[in-house]
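No value in this document is a laboratory result; all are computed from the given coordinates. Because the structure is predicted, anything quoted here is derived from the model rather than measured. All Cβ positions, even for glycine, are placed from backbone atoms using ideal geometry, and neighbour counts span all protein chains on display.
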Amino acid sequence: MFLSQPTTNPILEELLKQARNHKMTPKERVLQRVSFAYGNLAIDHPEITREMVEEADRELHPEDYPPND
């Protein structure tokens, strides 16, 4: 028995194509790094807040934050 090839949604296919070619901005990289760290920490440490992770990230990577941000 052969399985038929699933049809791909053309809108989804176009969005994936755009995402493949997207170059992350420095701000997007910071947001992604904080999100990744928070997501991993929050599993075992529910007392950790996103704000705590952002504060730690600012201390570890001050060059990624503008003075007034």
Linear extension gain, Q5 paired with M52, 0.36 nm per residue minus alpha-carbon span:
12.3 nm
Here are labelled values, (i) 57, 30, 14; (ii) 73, 22, 20; (iii) 32, 29, 18, and one is the computed Cα extents along the principal axes in Å for what I pasted. Which one?
(i)
How long is the gain from Q18 to D44 if the chain were fully straight, where each residue apart is worth 0.36 nm and the alpha carbon distance is subtracted?
5.9 nm
Dipole magnitude of the chain about its Cα centre (Cβ charges: Lys, Arg +1; Asp, Glu -1), debye to nearest 20:
500 debye
Relative to the chain, whose Cα atoms define the longest principal axis, helix 10-20 and its Cα axis are tilted in degrees, nearest 10, by 40 degrees
